[in-house]
Amino acid sequence: AKAQHGGGACFYQANMDAAVRERRRLSSALRHALEDGQISLFYQRQVTAGSGRLCGHEALMRWHHPERGWVPPADFIPLAEETGLILPLGEWALRTACADAKAEPRLGKVAVNLSPVQFRQAGLAALVATVLAETGLPARRLELEITESSLMQDPVRTLEVLREIKALGVSVAMDDFGTGHSSLATLRAFSFDKIKLDRSFVPEVDSNPQARAILRAVVGIGRGLGIPVLAEGVESASELACLRDEGCAEMQGYLFGRPAPLTALDLAAPAAAA
Ligand code: C2E
Ligand code: CA
Ligand code: CA
Ligand code: CA
C-alpha cells in the first residue's frame with residue numbers, strides 16, 4: 001500500500017522498482033526452465049460422483065527452480081503469458097501429457113489446460129492433430145480445458161479453432177465456470193463437452209445456501225445442455241455429499257487426490273470416500 005507522507009512516494013517507487021526487477025529476474029529464469037528440465041507435469045485425478053470411479057486426470061504444470069524451489073503456477077503462468085513463453089511451455093505440456101497418457105492407459109482421459117494466448121497462434125488445431133499423431137494417443141482420450149478469456153479477444157476465430165479441435169474427436173471443457181463476465185453467452189456460443197464449476201464455489205456448498213443455489217443452477221444448465229458438470233476443489237466429505245445430492249456428475253479435489261508426478265500416482269487404488 002502507498003505510504004501517506006514524507007518519503008512515501010519515494011518508498012512506493014522503490015517497491016515498484018523492486019517488483020519490476022523481480023519480474024524480470026523470474027521471466028529470464030523461466031526462459032531457461034524448459035530446456036534445463038525444471039518444468040514438469042503433475043496429474044490430479046477426476047472421479048465420477050456416483051461410484052467414485054476414476055475417469056481421468058488433469059495435467060498441471062510445475063516449475064522447480066534450483067534456488068527458489070517450487071514456483072506456483074499462479075506466479076509463472078501469467079508471466080509466461082505476458083512474455084509469450086506460454087507457447088513453447090503449452091506445446092510441451094500438450095505433448096508430454098499425450099505421451100504420458102499413451103504410455104499409461106490407467107491415466108484414463110487426460111485434461112490439458114490451454115492458455116488464451118495459444119489461440120492467437122496460427123495452427124493450434126493442426127498442432128493438436130500433430131501431437132496426437134506423433135504420440136499415438138486416441139483423440140477421445142484427450143480433453144482441452146479452456147477459460148472464457150480465450151473467447152473474449154477474438155470470439156469468431158476462437159470458435160472456429162474450437163470447432164476444428166472438436167472435429168478431431170478431442171473434447172473441450174469450459175474451465176473456471178462462474179468466474180467470468182459472460183459465462184452464459186460463452187456456453188451458448190459453443191458446444192462444450194463439460195462444465196467445470198470453479199473451485200471458489202465448492203468450499204461453501206455445504207455451509208452457504210447461496211453457494212448451494214448456484215451449484216444447483218449450474219447443474220441444471222449442464223442438464224439442459226446435456227453435458228456433465230465437474231466440481232473442482234472438493235476437500236470434504238460434506239461437500240461431496242452436497243455435490244452428489246445436487247446431481248454433479250464428476251469431481252476433482254484434494255479429497256480424492258492431490259496433484260502428483262506420474263510415477264507417484266496411485267492408479268490402482270479405489271478413490272477415497274467413494
Ligand atoms: P486450474 O486449471 O483451475 O487448476 C486447478 C487448480 O486447483 C490447481 O492449482 C490444483 O492444484 C488446485 N486444486 C485441486 N484440488 C484442490 C483442492 O481440493 N483445494 C484447493 N484449494 N485447490 C485445489 P495449480 O496446480 O496451482 O494451478 C493453478 C492454475 O494454473 C490452474 O488452475 C491453471 O489455470 C494454471 N495452469 C496450471 N497448469 C497449466 C498449464 O499447463 N497450462 C496453462 N495454460 N495453465 C496452467
Ligand atoms: Ca484447469
Ligand atoms: Ca479450474
Ligand atoms: Ca466446506
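Taken together, the values in this text are just the output of simple stated rules run on the coordinates, not laboratory data. Note that the structure is predicted; figures quoted are calculated from it, not measured. Cβ placement follows ideal geometry from the backbone for every residue including glycine, while neighbour counts extend to all protein chains displayed.
Taking 7 Å along the Cα-to-C-beta vector as the label spot, tell me the Met152-Ile214 distance in nanometres, rounded to one decimal.
1.7
Size of the dipole of the range 211-274 about the Cα centre, Lys and Arg at +1 and Asp and Glu at -1 on the beta carbon, nothing else charged, in debye to 20?
Roughly 160 debye, rounded to the nearest 20.
Based only on other Cβ atoms within 10 Å, what is the fewest-to-most ordering of Asp198, Asp206?
Asp206, Asp198
If I take every Cα pair under 8 Å that is 6 or more residues apart in the chain, average their sequence separation and divide by the length, what percent do I get for the relative contact order?
19
Quick one: 3J(HN,Hα) in Hz for the range 58-72, Karplus 6.51/-1.76/1.60 with θ = phi - 60°, rounded, Gly and Pro as x.
After applying 6.51 cos²θ - 1.76 cosθ + 1.60, I find 8, 8, 10, 6, 10, 10, 10, 8, x, 9, 7, x, 6, 9, x Hz.
Under the 0.36 nm per residue contour assumption, what length would be gained going from the current alpha-carbon distance of Ala126 and His32 to full extension?
31.2 nm
From the helices alone, meaning DSSP H stretches of at least four residues, give me the mean residue ellipticity at 222 nm for the chain, per-run term -39500 (n - 2.57), in deg cm²/dmol to the nearest 500.
-14000 deg cm²/dmol
Using a Gaussian network for the chain with springs between C-alpha atoms less than 10 Å apart, which of these wobbles most: Ala241, Ala126, Ala14?
Ala14
Pick out which of Leu184, Leu114, Leu151 has the largest mean-square fluctuation in a Gaussian network model of the chain, springs linking Cα atoms closer than 10 Å.
The residue with the greatest mean-square fluctuation here is Leu184.
Using +1 on the beta carbon of Lys and Arg, -1 on that of Asp and Glu, and nothing else charged, what's the dipole of the range 148-234 about the Cα centre, debye to 20?
Roughly 300 debye for the range 148-234.
Quick one: which residues, 5+ away or cross-chain, put their amide H under 5 Å from the amide H of Arg53? H built at 1.01 Å from N.
Placed amide hydrogens put Thr48 under 5 Å from Arg53.
Which ordering of Ile39, Ile165 is given by a fewest-first count of other beta-carbon atoms within 10 Å?
Fewest to most other Cβ atoms nearby, the residues stand as Ile39, Ile165.
Note down the Stokes-Einstein diffusion coefficient of the range 125-274 in µm²/s, whole number, using a Kirkwood radius over alpha carbon pairs, 37 °C, and 0.692 mPa s.
In µm²/s, the coefficient is 197.
Test of understanding: what is the full-extension gain from Leu225 to His64, defined as 0.36 nm times their sequence separation minus their Cα-Cα distance?
Net length gain for the segment: 53.9 nm.
Direction-averaged shadow area of the convex hull around the Cα atoms of the range 186-248, nm²?
3.9
Along the Cα→Cβ direction, 7 angstrom out, place labels at Thr179 and Ala268. What is the inter-label distance in nm?
A separation of 3.6 nm, rounded to one decimal place.
Using the number of other C-beta atoms within 10 angstrom as an exposure proxy, rank Val20, Val128 with the fewest first.
So the residues, fewest neighbours to most, are Val20, Val128.
Which residue, Gly226, Gly52, Gly37, tops the fluctuation ranking in a GNM of the chain built on C-alpha contacts under 10 Å?
In this elastic network of the chain, the residue with the biggest mean-square fluctuation among Gly226, Gly52, Gly37 is Gly37.
For q = 0.12, 0.15, 0.16 Å⁻¹, what log10 I(q)/I(0) does the chain give under the Debye formula with an equal point scatterer on each alpha carbon and no solvent?
-0.80, -1.18, -1.30
Quick check for me: using +1 on Lys/Arg Cβ and -1 on Asp/Glu Cβ, what's the dipole size of the range 1-121 about its Cα centre, in debye to the nearest 20?
240
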